[in-house]
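Taking it in order: structure first as structure tokens, then the write-up.
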Amino acid sequence: MAVSPYLLVSIVLGVKCYRARVLVSLVRAGRVQERPKASLILVPAGQLFIGEVVTLRCDIQGHTDTEWRYSFYKNEYQPFYSEVREYSFSVVESDSGKYTCRGERRSDSWRSEISDAVTLTVSALPRATLTVEPESSVFTGESVTLKCEIKGYVGWTYQWYKQDPWGGLITVPQSVHHTVNRDTLTIRGDAVIHGDQYWCRGERRYRTTSSQISDPVTLTVNALPRATLTADPKWSPVFSGESVTLKCEIKGYDGWTYQWYKQDPWRRLITVSQSVYHTINRDTLTIRADTVINGDQYWCRGERHDRSISSQISSSVTLTVNALPRATLTADPKWSPVFSGESVTLKCEIYSYDGWTYQWYKQDPWRRWTAVSQSVYHTVNRDTLTIRADTVINGDQYWCRGERRLRPTSSQNSDSVTLTVEETPKPELTSSHKGAALIGNPVVLYCKLDQSAGWRFYWSKHTQSPENETKTETHSYTISSVSVSDGGQYWCRAGRGTPVYYTHYSDALWMNVTESPKAVISINPDNQVFRGETVTLRCDMQGGGDTEWRYSWHKDDYSHVSFSTTKENTISFVRESHSGKYTCRGERRSDSQTSEISDAVTLTVSDRAQAVLRSSPQSWLTEGDSVTLSCEVKGSSTGWTFSWYRDKDELLSDSSRGAGGSYTLSPVALNHTGVYACRAMRGETTYHTQYSDTQPLWITGVSRPVSLKVSPSRVQHFSADSLSLSCEGQSDSTGWRVRRYTHREKVSDCSSGSGSVTGSTCSISSLNTSHTGVYWCESESGESSNPVNITVTNNNVILESPVHPVTERDPLTLRCLCHHTKASDCIAEFYKDGLLLQTQTTGEMTIRTVSKSNEGLYHCKHPEKGESPQNWILVRVSTNPADKAAPNLVGVVVGVGFAVLFIILLILLWCYRANKGLKQNIDQMSQQNRQPGAEVTQNGHTLRHADVASGSTEVTYAEIELKTKKPTKKREMASVNADTVYSELKHNTDKGNVAGLGDSD
């Protein structure tokens, strides 16, 4: 609904007219009064602090409280309204300002006049300030007064606090230890504890307001200081007739006065006061000279003007009074006599004391003492008096006396010094060497004077020239390493004093310089020796005789030096510690001039010498071969003589023929079989080496009555296999037994260890590597079979080869056996003397016709399972005359065969030229001959071509055989030499083939 503006204006005017009419009616009735004035009071009045409660009270004059309600204003702004005349609130700093109030009557909203303004000031709580008296350090036993203030404000009372042992604050009340007097707290002396902390806080008497708590005051309590007493003069002792001043101080503090004390004859302390004998001036006490008594003791103590406190008493000062000291007069030069032309300097001293000046005196011709002062003849410089050279007179006497600068004291007179003057001396020049000086040696020249004290020495060469003189502090002049240029004439003279006074020159000394001989060192018997040998070092002088020298011997860094009077130095029992580099040098007996040091030689001392025995060509021999045993000393080759032994320690009867280290058996016989050893000796004391390791020699004969049968028939066996060895012969083998040689047991019966014997058979059920060795049959009479070398291995591969030597022209088959594998499945490479021969997939290799060149060390190798041990194949020379003639016959047959072939080729060539039509047939025949296995028969002979190849590393043979057909096999065997001709053409494609291998499949 919309209201018309005219209606609103009419309502307002109507209300105002009504009020006017009411007012007119009241005036007519006499009821209109003047408006009362409000009055504002602040409780409490004055300064207020943050947090205090203020009450604003508004009174309407002449009216009761109940008929009004009130409005309060701050800075003419009405912040709050109250139904009663009082309004209270807690003030903050922002409540500061000018406040007014007015009343409004409840009945008719009639208002009073506004009150006069009242100012409210709100401040932050002030902080109490705590001070301590005395301000400086407190001494033990002193009381302390604390004062608390809140500056700028009055009307405060104060509370006192102290920190308890647990860090909390406790109130300090009035007590016998603490006296509270308004704003002060006095702590009694025995309650003042170092490190205690105190606080204070102000409180208003009629208001619940406290100031901020003060900063803490920490009490610092020091022990009473000790006075320090010193004496002036500071030196001790005091001399008779001197006064003494004592000074008392308490360092680090001021404001003290001092009390003085002295010990009386009864050892009591008495006070020393001002008197004719003692003068007190603040901190000093002066004792008159005639009161200074030796042994008197004095003390002092400090006292405070403003505090009833005294310092600790000082340590005592004991006066030491000595008689006046005596001056000591010395002359420079200190020696006597003085020589003509020398000046003299006298020095006066009072030992153990300083601070003196000196007076000088001289005896005149009338024997009176007169003072000597500064002049052209006498120079005085503090404690010295220098007498000019032309004033130095023989027999003159001088003395001196000391005086104190700051004390009127003189010393006692010195003893007198009498001058003795003599003529200028002449020195004597000598040399350390006798005869010629050797180049490189030190030479010392000596300048000798009977009066040698205090001189410096001057040396001239070639001429007496002061400009080229060399000065030394001593009477010797050393040339550390003389050379040819150092030869010539030398002079010396001496000088002393300032200016320098010189003696006469000595007589000339001639120095002759010659070449120094060089030492040469040698070691006998050898530079390489062994522990326990005797070694002699020899030092020879090149161009020098033996009798004029003594010798020094040096080892390594010259840390070991020995000396001898002869040129030989013997070490009777050398040890490893004697090893090193040795040198020597000679020293001439007459003047200790030395030779040049020798070049170094190295002595090497090894442990006990060991002989080493070797055989050449090998230790397995055939009867009739030759063998050489060589013995040497490991690490040494000089001066040895060798002895030869067989079967342990049996010295060979012809041992002397091997004394040079080589013992040859040629030709070898069966009785040479045995175990050989050697050892060496040398030196005058006959030093022996240890025995060499043993070297067996095994000699096989062509025919033996008994042979050793091995089952399985091979020389190499796997571990854990069984082995049977038996003696079998052409006749009864009873009385024969199997013997063996191993490195562990040497020579023993087969039955020793794990072998079991039945008759002449030895069986070993489970082999191990310790069974490796040489086995043979031996009769009770000492006859023996050929030996067999048995090898037992833990390897997975062994080489199967014949047990006994192979005879020339016989075939030889070698098989490579793999453990737990069939022989045919064992792929193998075969080696001789370390060189590859063949690779066979069947594990087998055959040499069809063996020759002596096939003898050697064989082994085989599997690509995965490893390789076999090596085995020596011995080839025995054939004794069949037909075998010896066969090679010649084959040569003749082969020659005839090639001649026949050549004739056939010539006939074919002639036929080719005669008939070209025959060419096609010949070509076809040639093509057929190139096919593998093709055969052509002509004139009753078969031409056969065979290519046998098994890989790039195998041996390939091309064989051509010319055979004559016969009707029966028996006829062929009977007439093989007459009817059959063999021609073999062999082509070896194996890269590892060894020349002289022979025929092989």
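The values are calculated or read from the model by the stated rules, or taken from the named source; none is laboratory data. As the structure is a prediction and not an experimental result, all values here were calculated from the model. No Cβ is skipped: glycine too gets one built from the backbone with ideal geometry, and neighbour counts run over all protein chains shown.
Within segment 836-853, does at least one residue satisfy the condition of being without any contact (Cβ under 8 Å) to a residue 24 or more places away in the chain and closer than 29 Å to Asn786 by Cβ? Lay out the reasoning, then the answer.
Taking segment 836-853 and keeping what is without any contact (Cβ under 8 Å) to a residue 24 or more places away in the chain, we get 842.
Still in the running and closer than 29 Å to Asn786 by Cβ: none.
Looking for residues that are without any contact (Cβ under 8 Å) to a residue 24 or more places away in the chain and closer than 29 Å to Asn786 by Cβ, one finds none in segment 836-853, hence no.
If you scan segment 227-260, which residues turn out to be aromatic (Phe, Trp, Tyr) and over 18 Å from Arg288 (Cβ atoms)?
Within segment 227-260, Trp235, Tyr253, Trp256, Tyr258 qualify.
Let's see how each residue does on (1) surrounded by 16 or more Cβ atoms within 10 Å (Cβ to Cβ); (2) assigned to a strand (DSSP E or B); (3) of a type outside the set (Asp, Glu):
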| position | (1), (2), (3) |
| --- | --- |
| Lys362 | yes, yes, yes |
| Pro365 | no, no, yes |
| Val376 | no, no, yes |
| Asp390 | no, no, no |
| Asn394 | no, no, yes |
| Thr424 | no, no, yes |
| Lys434 | no, no, yes |
| Asn441 | yes, no, yes |
| Tyr446 | yes, yes, yes |
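Of Thr186, Thr228, which residue is under 27 Å from Thr257 (Cα atoms), within 60 Å of the chain's Cα centre (by Cα), surrounded by fewer than 18 Cβ atoms within 10 Å (Cβ to Cβ) and of a type outside the set (Asp, Glu)?
From the options Thr186, Thr228, the qualifying one is Thr228.
For every residue, the table says whether it meets (1) assigned to a loop (DSSP other than H, G, I, E, B); (2) free of Cβ contacts under 8 Å to residues at least 12 places away in the same chain; (3) surrounded by 19 or more Cβ atoms within 10 Å (Cβ to Cβ).
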site: Thr734; (1), (2), (3): yes, no, no
site: Ser756; (1), (2), (3): no, yes, no
site: Cys777; (1), (2), (3): no, no, yes
site: Asn786; (1), (2), (3): yes, no, yes
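Let's see how each residue does on (1) surrounded by fewer than 16 Cβ atoms within 10 Å (Cβ to Cβ); (2) on the phi < 0 side of the Ramachandran plot:
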{"residue": "Gly661", "(1), (2)": "no, no"}
{"residue": "Ser692", "(1), (2)": "no, yes"}
{"residue": "Ser719", "(1), (2)": "yes, yes"}
{"residue": "Cys727", "(1), (2)": "no, yes"}
{"residue": "Cys750", "(1), (2)": "no, yes"}
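With the condition kept exactly as written, say whether any residue in segment 888-895 is surrounded by fewer than 16 Cβ atoms within 10 Å (Cβ to Cβ), at pLDDT below 80, in contact with a helix residue (DSSP H, G or I) (Cβ under 8 Å, 6 or more places away or on another chain) and not assigned by TED's automatic domain parsing to the domain that holds Ser719.
Among the residues of segment 888-895, at least one is surrounded by fewer than 16 Cβ atoms within 10 Å (Cβ to Cβ), at pLDDT below 80, in contact with a helix residue (DSSP H, G or I) (Cβ under 8 Å, 6 or more places away or on another chain) and not assigned by TED's automatic domain parsing to the domain that holds Ser719, which makes the answer yes.
Of the conditions (1) free of Cβ contacts under 8 Å to residues at least 60 places away in the same chain; (2) buried (at least 20 other Cβ atoms within 10 Å of the Cβ), Val715 satisfies every one except a single condition; which number is it?
(1)
Return the residue satisfying two criteria in turn: it lies in segment 510-530 and is surrounded by fewer than 17 Cβ atoms within 10 Å (Cβ to Cβ) and in contact with a Ser or Thr (Cβ under 7 Å, 6 or more places away or on another chain), and of such residues it is nearest to Tyr446 (Cα to Cα).
Across segment 510-530, the extreme among qualifying residues is Val520.
Name every residue in segment 236-249 that is under 57 Å from the mean Cα position of the chain (by Cα) and either within 30 Å of Leu130 (Cβ to Cβ) or surrounded by 14 or more Cβ atoms within 10 Å (Cβ to Cβ) (or both), in order of residue number.
none
Quickly run through segment 467-483 and pick out the residues that are exposed (fewer than 10 other Cβ atoms within 10 Å of the Cβ) and in a helix (DSSP H, G or I).
Glu467
Restricting attention to segment 350-369, which residues are in contact (Cβ under 8 Å) with a residue 40 or more places away in the chain, farther than 11 Å from Gly402 by Cα and aromatic (Phe, Trp, Tyr)?
Residue satisfying the conditions is Tyr361 alone.
Filter segment 694-719 down to residues that are over 25 Å from Val875 (Cβ atoms) and at pLDDT below 90, then give me how many there are.
The qualifying residues number 1.
Check whether at least one residue in segment 308-321 is within 30 Å of Leu385 (Cα to Cα) and surrounded by fewer than 17 Cβ atoms within 10 Å (Cβ to Cβ), and report yes or no. Break it down stepwise before answering.
Narrowing segment 308-321 to residues within 30 Å of Leu385 (Cα to Cα): none.
Scanning segment 308-321 turns up no residue that is within 30 Å of Leu385 (Cα to Cα) and surrounded by fewer than 17 Cβ atoms within 10 Å (Cβ to Cβ).
So, Ser598, is that one in a strand (DSSP E or B) and either among the small types (Gly, Ala, Ser) or touching a His at 6+ places or on another chain (Cβ under 9 Å) (or both) or not?
no
Suppose we keep only residues that are more than 13 Å from Asn789 (Cβ to Cβ) and not in a loop (DSSP other than H, G, I, E, B) within segment 720-731. Which one would you say is modelled with the lowest pLDDT?
Per the stated criteria, the residue is Gly729.
Can you go through Cys762, Cys777, Cys826 and tell me which one is within 60 Å of the chain's Cα centre (by Cα) and either among the charged types (D, E, K, R) or not assigned by TED's automatic domain parsing to the domain that holds Thr622 (or both)?
Cys826
Would you mind finding the one in Val668, Val738 that is crowded, with 17+ Cβ neighbours inside 10 Å, in a loop (DSSP other than H, G, I, E, B) and on the phi < 0 side of the Ramachandran plot? Step through it out loud before you land on a result.
On the way: Val738 fails: in a loop (DSSP other than H, G, I, E, B).
The match here is Val668.
In this structure, does Val417 turn out to be surrounded by 14 or more Cβ atoms within 10 Å (Cβ to Cβ), within 53 Å of the chain's Cα centre (by Cα) and outside the structural domain of Arg588 (by TED's automatic domain parsing)?
no
For segment 331-342, state whether one or more residues are part of a loop (DSSP other than H, G, I, E, B), more than 30 Å from Glu133 (Cα to Cα) and outside the structural domain of Cys400 (by TED's automatic domain parsing).
Within segment 331-342, the first condition is being part of a loop (DSSP other than H, G, I, E, B), and the residues that meet it are 333-337, 340-342.
Filter once more, keeping what is more than 30 Å from Glu133 (Cα to Cα): 333-337, 340-342.
From the residues that got through so far, the ones that are outside the structural domain of Cys400 (by TED's automatic domain parsing) too are none.
No.
Which one of these is touching a residue at least 12 places away in the same chain (Cβ under 8 Å) and over 60 Å from the mean Cα position of the chain (by Cα): Thr769, Thr791, Thr813?
Answer to the check: Thr813.
For a quick check of your reading of the model, give me the residue pairs whose first member lies in segment 642-654 and is farther than 20 Å from Ser666 by Cβ, whose second is exposed (fewer than 11 other Cβ atoms within 10 Å of the Cβ), with beta-carbon atoms closer than 6 Å and at least 6 apart or on different chains.
Going by the 6 Å Cβ cut-off, there are no qualifying pairs.
Restrict the check to segment 821-839 and report whether at least one residue is surrounded by fewer than 18 Cβ atoms within 10 Å (Cβ to Cβ) and closer than 17 Å to Val715 by Cβ.
Yes: one or more hits.
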